[in-house]
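Notes for the one structure printed next.
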Amino acid sequence: MFTVEQYRSKARVYEMLLKTACSPTEAAEYRDLQKSYVSLADNLEWLAANRGLTVTGEPGLKRREQSAESPEPGHTEQENILRCLGAAVILTWNTIPTKLQRALFEAASTVKGTQTAPLRDVLAQFLHDHKDDARRARGQVNAATADGS
C-alpha cells in the first residue's frame, strides 16, 4: 500500500511531466494522473485523520436489526455511491497506471473480515472478464451517435 508521501511524490512527477508534454492529449493524460494521485493522497490523509469516525465492517460488531422495508437512513445512498465508484474504477481500469492498479487490487482483496485467497481469485477473474467493458461502452455510444446523425 502506498503512503501519502508516495502519492504526493508521484503527483509531483506528473506535474513536472505536464510541463514537458508534447501534445494536448499527453498533457491531458498527465493532468489526469496528477489529479488522481493528489486525490488519493488527500483521501488517505482524510482516512488517517478520521480513523475513529469511519465504519470498519469488522466481524463481531453488533448490528442493529433491520427489516428490508426500513433500511438505515443514508445506507441506500452509501451503497449507490460505492457502486458508482466501483463501476468508475472498472470502466477506467485500463487507463489506471499499473502500480495504482496493483495498489487498488491489494486494498480490495485485503478488506477486513474477508478471506484473502478466495477474494483475490474472484477479483482477478472479474477484472479479467471486464477488462474491455469501457472500450465496448464507448463503441456502443459511438455507434448510437453515428446512427443518429
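The values are calculated or read from the model by the stated rules, or taken from the named source; none is laboratory data. Bear in mind the structure is a predicted one, so any value in this text is a computation, not a measurement.
Has segment 15-27 got any residue that is of a type in the set (S, T, N, Q), outside the structural domain of His130 (by TED's automatic domain parsing), in a helix (DSSP H, G or I) and modelled with pLDDT of 85 or more?
Yes: one or more hits.
Across segment 1-14, which residue is nearest to Thr110 (Cα to Cα) among those that are in a helix (DSSP H, G or I) and of a type in the set (A, V, I, L, M)?
Val4
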